[in-house]
Amino acid sequence: MGAYRHAIVFYNEKSGQCTSTHPRAEIERFLIDHQIQYHILLVPQNKAKLREEVALLIQHGVDLAIAAGGDGTVSIATDLLMPYSLPLFILPLGTGNLLAKELKIPLRLENALNLITSTDNRSFTLDTFSCDNQFYIMNLSVGVSSQVMEVTPTEEKKRFGFFAYFKHFIEQVLGLELKRVVINHDGVKETFMASEVMVTNSRLIAINPLEWAEDVFIDDGVLDLFIVRAANLTDIIGFVHSIFTKRIWQNPIVHHFKIQDRCTIETAHPFPVQADGDLVGKTPVEVIVHPKSLRVFIPSNEVGKIR
């Protein structure tokens, strides 16, 4: 692999680990030391403006993309890079960093940066999905998780990390209500009473090493749909226990389907939707599968461990 010369850095100042100076200064210093020209694009901001800037930079010879932030930042970068074939490196600076954990990318900034210039890396092509013409990677959900994200302030996330969600999760569980959802998965329309509907490309659930199931892969060309009918605290405890013991298939409150093409989720009233850790709108929502559509770089010795 030849040396990179010019990079786009998608940088999220509001990511969980970011302060006004530290991560950005370290990233810039690394690129300068390795004689890589760079242009920093602050995200999130107006998508149309970002698309114009990315197109212009690529015309001027950019040969590398870097996403510095959390899962939401990687999603923004993914969406902007879809028309192009730039290699993407991930610098995990967010609250959860689930994608970095799934791909075995180093969580320490120094080590993640070193991967850019290392010869010990390898490209890995994974699936993505789209919603309202925006591309995402990890998951999309409607229910308790999206409600928790809606009520958790950004400042709390920056200060407390993942634990910022815990207080609001407890509040949601104490007021748990089942909602009627209509789901069309690959042309099959069904109605469920559910507390959570999750469409996931990722095996991980919020906290590594918790997993949905062992046969959920980020590069298998399908998405996994989980519908959870947890009506009370006992159901929640049973659900968590089935995850810890890897027996989610035996839990009667969980329905599971493989999504080959697309699925839609409808509710009686508009309900918040989250994708890759950020709120992205309200129901109804349609999710479309895009197999093998994003190329990222990961440590060479971790390729076989992702499956």
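The values are calculated or read from the model by the stated rules, or taken from the named source; none is laboratory data. These numbers come from a predicted model, not from an experiment. Backbone-built Cβ (ideal geometry, glycine too); neighbour counts: all protein chains shown.
Yes or no, residue by residue, for (1) in contact with a strand residue (DSSP E or B) (Cβ under 9 Å, 6 or more places away or on another chain); (2) hydroxyl-bearing (Ser, Thr, Tyr); (3) in the same structural domain as SER145 (by TED's automatic domain parsing); (4) within 12 Å of VAL296 (Cα to Cα):
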residue	(1), (2), (3), (4)
PRO44	yes, no, no, no
LEU56	no, no, no, no
GLY70	yes, no, no, no
TYR84	yes, yes, no, no
PRO87	yes, no, no, yes
THR95	no, yes, no, no
LEU115	yes, no, no, yes
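With respect to the conditions (1) modelled with pLDDT of 95 or more; (2) at positive phi, GLY61 falls short on a single one, namely (1). Identification of strands (runs of 3 or more DSSP E) wholly contained in the stretch 81-163 with 3 or more residues that are modelled with pLDDT of 95 or more yields 88-92, 121-131. Within the bounds of the stretch 243-254, is there any residue that is modelled with pLDDT of 90 or more and not in a loop (DSSP other than H, G, I, E, B)? There is no residue in the stretch 243-254 that is modelled with pLDDT of 90 or more and not in a loop (DSSP other than H, G, I, E, B).
Please determine, by comparing only the residues of the stretch 51-96 that are of a type in the set (Val, Ile, Thr), closer than 15 Å to LEU41 by Cα and in contact (Cβ under 8 Å) with a residue 60 or more places away in the chain, which one is surrounded by the most Cβ atoms within 10 Å (Cβ to Cβ). So, considering only residues that are of a type in the set (Val, Ile, Thr), closer than 15 Å to LEU41 by Cα and in contact (Cβ under 8 Å) with a residue 60 or more places away in the chain, the one surrounded by the most Cβ atoms within 10 Å (Cβ to Cβ) is VAL74. For the stretch 2-25, the candidate set comprises residues that are of a type outside the set (Gly, Ala, Ser) and in contact with a His (Cβ under 9 Å, 6 or more places away or on another chain); within that set, the residue that is modelled with the lowest pLDDT is TYR4.
Test GLU26 against the stated conditions and say whether it is in contact (Cβ under 8 Å) with a residue 40 or more places away in the chain, surrounded by fewer than 19 Cβ atoms within 10 Å (Cβ to Cβ), acidic (Asp, Glu) and farther than 26 Å from LEU204 by Cα. It is true that GLU26 is in contact (Cβ under 8 Å) with a residue 40 or more places away in the chain, surrounded by fewer than 19 Cβ atoms within 10 Å (Cβ to Cβ), acidic (Asp, Glu) and farther than 26 Å from LEU204 by Cα.
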